[in-house]
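Here's the structure, in structure tokens; my notes come after.
The values are calculated or read from the model by the stated rules, or taken from the named source; none is laboratory data. Note that the coordinates shown come from a computational prediction; the quantities given were computed from them, not determined experimentally. Every residue, glycine among them, receives a Cβ derived from its backbone with ideal geometry; neighbour counts consider all protein chains shown.
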Amino acid sequence: MASPVAKGATPARVAVVIVSFNTRDELLRCLSSLATVALPLEVVVVDNASADGSAGAVRQAFPRTRVIENPANEGYAKANNRGWQATAAPFVLLLNSDTEVRPGAIETLVRALEARPEVAIVGPRTLGSEGRVQVSSGPDLTPLREWRQRRRVLGVKRGDPRALAQAEAHYSTEHEPAWVSGSCLLIRRAVLEAAGGLDEHFFLYEEDVDLCVRVRRLGHRVLFDPRAEVVHHLGRSVAKEPGTARLHYHRSHLLYYRKHHGALRVVLLRAYLAGLGLRGVARAGSPHATDGRALLRLAFRGE
């Protein structure tokens, strides 16, 4: 049920939905960054059963923010759906808890959608904690394109001058990619409803790419707007359980390929996962051994 608007209050233009899992300090910083936004907002934090007191801390520091507490970690897609469905604003901003919105960013994203009715989703330029540009949009996922994208991501992460220069040039220009990152993604509510929300089969990762694909198939466009900037302190939540996060990534990847690609590409991905699994199992006595067995189950049984 959408949040009621108090009598005489200005209706919210943007519903900000933040999913949190054990990122209390980052979450509070994210909420603080919203203070500069000039547009009327309704802000919802969906807490996926955090053990660090996140929900209570938000209620104390930001009493006007609605907090929805899930009894268990329901995953990113399902929690986001629960959040936006509890709001009513015409634009929905999916925002990671480990981000900080720079002044004017949300206003810029809203203006982009208002000016271009054919665009349904818009994402900003994102920067890391050190100020380095991040890879936050990309082409349709295919093996070759993913290989190229992976090279770009790793090059930027290493601080390779050539990769940084290419990323800086690419992410300084407005363009229409196949997808933009769900770390900060603004979408028209009507389109989000028409698309059926985020696919809750994705527990973590690829749900943003899948959403953009489905929205484009409905006849809408996706836009990257570098005039809006957001700082993304990447992976603060998943860093606490990296092995589990990697497995979720591979599981979501396989689900995406099953959903959007033919049998041949699915088989190729399964073979790749089996290879990763065998290498993990070979590292006997290391934490990677457990990951390897899990990857083999995923590759052969889809579990």
Check: Residue check: is A79 over 20 Å from R29 (Cβ atoms) and either free of Cβ contacts under 8 Å to residues at least 24 places away in the same chain or in contact with a strand residue (DSSP E or B) (Cβ under 8 Å, 6 or more places away or on another chain) (or both)?
Finding: no
Exactly one of V213, V180 is in contact (Cβ under 8 Å) with a residue 60 or more places away in the chain and of a type in the set (A, V, I, L, M, F, W, C), and that residue is V213
Q.
Checking the structure you have, find out if any residue of the stretch 220-236 is at positive phi and at pLDDT 95 or above.
A. no
*asked:* For the structure I just gave you, tell me whether H232 is crowded, with 18+ Cβ neighbours inside 10 Å, over 25 Å from L27 (Cβ atoms) and not hydrophobic (A, V, I, L, M, F, W, C).
replied: no
Per the filter on the stretch 40-59, residues surrounded by 14 or more Cβ atoms within 10 Å (Cβ to Cβ) and aliphatic (A, V, I, L, M) are L41, V43, V44, V45, V46, A49, A55, A57, V58
For the stretch 52-73, pairs from a residue that is farther than 24 Å from T244 by Cβ and touching a residue at least 60 places away in the same chain (Cβ under 8 Å) to a residue that is outside any strand (DSSP E or B) and not aliphatic (A, V, I, L, M), with Cβ under 8 Å and 6 or more apart or across chains, are R66/S3
Filtering the stretch 15-51 down to residues that are of a type in the set (D, E) and touching a residue at least 12 places away in the same chain (Cβ under 8 Å) yields E26, E42, D47
Filtering the stretch 60-83 down to residues that are more than 24 Å from F203 (Cα to Cα), surrounded by 15 or more Cβ atoms within 10 Å (Cβ to Cβ) and not hydrophobic (A, V, I, L, M, F, W, C) yields T65
